[in-house]
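Written out below as structure tokens is the structure these notes cover.
What follows draws every value from the coordinates through simple rules; no lab data is involved. Small disclaimer: the values here were computed from a predicted structure and weren't measured. Here the Cβ positions follow ideal geometry from the backbone for every residue, glycine too, while neighbour counts run over all protein chains shown.
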Amino acid sequence: MTGYHFGMLNKLGLLAIGMNLLAFGQVFDVVLSGGRVMDPESGLDAVRNVGIRSGRIAAVSERPLRGRTTVEVRGLVVAPGFIDLHSHGQDDENYRYKARDGVTTALELEVGVYPVKPWYAAREGKALINFGATSGHIPARMAVMHDPGAFLPTGPAAHGHATPEEMRAIEDLVRQGLDEGALGIGMGLAYTPSATHPEILSIFRIAADRKVACFVHTRSVGTAEPGSTTEAMEEVIAGAAITGASIHVVHITSMSLAQTGLALEMIDGARKRGLDVTTEAYPYTAGQTAIDSAMFDPGWQERLSITYKDLQWVATGERLTAESFERYRKTGGFVILHAIPEEAARQAIAYPGVMIASDGRMERGKGHPRGAGTYARVLGHYVREEKALSLMTAIEKMTLLPARRLESVSPQMARKGRIKVGVDADITVFDPAAVIDKATFDKPDQYSEGIPFVLVNGVFVVRGGELVEGVEPGVGIKSRLVH
Ligand SMILES: [Zn+2]
């Protein structure tokens, strides 16, 4: 309206009124009214009305907005939807737990997938939230070396050296996955301990050539040399320096335990020297993995500084003994490892630049509670109860930082992790005074609380604290190569 005067109702006046109606009288698909909008990119932390149209944020305004649907969110935080870089659970059951935990994009970047194209095709148009994956070195190695393992290798891909022909075939499959839109390369060196240092360098070189990151579970853990946490960190940081690859070290706490502080310093040092190295953590004092994987090859007690009673069998919740450990190692299955010091978890969650990622996977209600409660636990436990970090910093670690990690690879990610006009309407609305995880190690199948509204691409997937049935607004997040 500025610049116009309405002394009399002439043609110019009518035009101005029309423009005014166009600007301020428009009707949005959805309006989130009166919430505390928190945007980690701009630093905005103020009461605003958010207007959504055609799946995007179309207005962030102090003025009232008109919507076909208007939801009053006064007293609640309106944040960008949470982005989970490490989500093994990639089916409807897991997407439901994720949505109730405020996650709007769940990506399988550590293990990754092979083959990539059918993996995306199987989910497109059928997913509750956005999804995506890396091209996996582990599954490529399993395919080439005919490993019998289901999710992680248990045979030749874990314990066999690749011949030069096999190595070329593994590289080809990894490249093929990138050609098909994968978001980077997934690697789990602890699960493929017989993959040589030259093999790892050759995979890093592919990442450098394609300008994507390697998402790496490092080779070893513990203080005993050789094979320490420090040596394992040195391997991937050196690999980044040698090849020029970007790397993201997954779950820093479970690979560093009491040495988490040193591992974080090593990443800081690499970044100061100009390397592109990032990391992530989940807010728990236990990890989870497959009992028949190479993680439990002889010497695991010394490496992890734990013993049988620190292992919890996921299927039953029982703590293990020497006898049950041997029995289950033959049958295979998931086990929780109570091995991470509380101080390490707290330090990593609060540490500048460390992203939040769940490493979660639920199966028929069983699993590590991180699959259901990671994000609410950071907000409720570490922000509100422990005051280990500020609310804005926590939101940044869950939204903007993971978006930035991927946006040079996927233009879609440049439209996520922010609340501003033009971005995708992936939005999580939570009550900062009530948000909390409910999933526990003994009873993991419990949704988080205090997250009443979650939208994915402008569509409610959680409304009034309940999952919305019959909606599938999630889309595949792919690299620029296929856009
Ligand atoms: Zn891992």
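Some values worked out for this structure:
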item	result
The chain, relative contact order in percent, only Cα pairs under 8 angstrom and at least six apart counted	20
Positive-pole candidate from Trp300, Met255, Val277, dipole of segment 244-305, charges at beta carbon	Val277
Hydrodynamic radius by Kirkwood, which averages 1/r over all alpha carbon pairs of segment 246-367, in angstrom	15.4
Debye intensity ratio in log₁₀ form over the Cα atoms of the chain, taken at each q of 0.09, 0.10, 0.11, 0.12 Å⁻¹	-0.59, -0.72, -0.86, -1.01
Angle in degrees between helix 260-272 and the longest Cα principal axis of the chain, rounded to the nearest 10	70
Debye log10 I(q)/I(0) for segment 154-302, one point scatterer per Cα, at q = 0.14 Å⁻¹	-0.68
Cα-based convex hull, segment 102-145, per residue volume (Å³, whole number)	61
Rh by Kirkwood over Cα pairs, then Stokes-Einstein D for segment 206-281 at 0.692 mPa s and 37 °C, µm²/s	268
Electrostatic dipole magnitude of segment 49-185 [Cβ: Lys, Arg +1; Asp, Glu -1; Cα centre; debye, to 20]	980
The chain - charge dipole about Cα centre, Lys and Arg +1 at Cβ, Asp and Glu -1, debye rounded to 20	1700
Along each principal axis, Cα extent of segment 135-183, largest first, Å	29, 25, 12
Coil-residue trypsin sites (Lys or Arg not before Pro) of segment 389-483, DSSP, other Cβ within 10 Å capped at 15	Lys420
Antiparallel content of DSSP bridges confined to the chain, in %, to 5	50
Count of lysine pairs in segment 355-483 with Cα separation under 15 Å (8 or more residues apart, or interchain)	4
Rg/Rh (Cα only; Kirkwood hydrodynamic radius) as it applies to segment 110-193	1.00
Helix-only mean residue ellipticity at 222 nm for the chain, each DSSP H run of n ≥ 4 adding -39500 (n - 2.57), per residue, nearest 500	-9000 deg cm²/dmol
Where N is the number of residues in segment 346-416, Cα Rg divided by 2.2 N^0.38 Å	1.21
Folded to 0 to 90 degrees: helix 322-331 orientation relative to the chain principal axis, Cα	70
Where only C-alpha atoms are counted, convex hull volume of segment 404-473 per residue in Å³	139
